[in-house]
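Read the structure below first, then the notes.
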Amino acid sequence: MGVGLLRRLAAGASRSRTLARARFLIDFPPLEPGERYFDLTTGPLVATAVRRLGPGRRLLDMGTGAFATVGLALWRRTGCDVVSTDVRPDLVRRARANVEANGAPIRVVEARFFDGVEGEFDVVTFNPPYVPSGMLGGPDVQSDGGPEGTTVIEGFLDAFAARGGKATALLGVNRWLVPRETVVRLIAARPGLVRERVVGRWPWPADVYAMMRR
């Protein structure tokens, strides 16, 4: 399957309410213009995290977006305790509404990385903005990863390395936009972090980087 075809199929699928419901086992409201329910990395991120969670285990889902998709999907599958965060107040409000519509006991907090997030977690999931700015047609806070697509990724790595605790971080990145060797190098450049593994399956371009603090 060619890259162009795979991209078109993925773009169409991410806007399908029926597919999103079936794939993530949660309900979704209609989309607003330009929105999507998930992206290429959402499914692999959920599939990787589900093996590490269960009742009584705590998940922090960063950058949860308008629908809290990752947090809701993992709560539904595992019964874990979830705190979801986003940096944008409007997305926090909408995520809270979708959490309520699904009857989930998830707390949605406005936060940048770990700022204002209390408590310890077993797993931290993050599907960061990783699209290089030059590839965007205009302002897009949810997708804009800076000039090389790594600005938010690097900010997260620094914040995770500086935070105490024993959580495992799972970082989802599209290697079409930020190559695997780039992310591996960024993790290795932070002495406080240990890369556990990279989960990826060709030809799907989503990589999930599992890491812990030293």
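Per-structure values
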| quantity | calculated |
| --- | --- |
| Count of residues meeting criterion [under 21 Å from Ala20 (Cβ atoms) and assigned to a loop (DSSP other than H, G, I, E, B)] in the range 53-77 | 7 |
| Per-region count, the range 156-214, residues part of a strand (DSSP E or B) and of a type in the set (A, V, I, L, M) | 13 |
| Residue identified as surrounded by fewer than 16 Cβ atoms within 10 Å (Cβ to Cβ) and not in a loop (DSSP other than H, G, I, E, B) among Glu118, Glu100 | Glu100 |
| Residues that are in contact with a Pro (Cβ under 6 Å, 6 or more places away or on another chain) and either free of Cβ contacts under 8 Å to residues at least 60 places away in the same chain or on the phi > 0 side of the Ramachandran plot (or both), drawn from the range 153-188 | Ile153, Arg175 |
| Residue under evaluation Glu118, criteria (1) in contact (Cβ under 8 Å) with a residue 12 or more places away in the chain; (2) out of contact with any helix residue (DSSP H, G or I) (no Cβ under 7 Å at 6 or more places or on another chain), criterion not met | (1) |
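Table: residues versus (1) at pLDDT 95 or above; (2) surrounded by fewer than 20 Cβ atoms within 10 Å (Cβ to Cβ).
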| residue | (1), (2) |
| --- | --- |
| Leu157 | yes, no |
| Phe160 | yes, no |
| Gly172 | yes, no |
| Arg190 | yes, yes |
| Arg195 | yes, yes |
| Arg213 | no, yes |
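The values are calculated or read from the model by the stated rules, or taken from the named source; none is laboratory data. The structure presented is a predicted model; accordingly, all values stated were derived computationally and were not measured. Cβ coordinates were reconstructed from backbone atoms using ideal geometry, including for glycine residues, and neighbour counts include every protein chain displayed.
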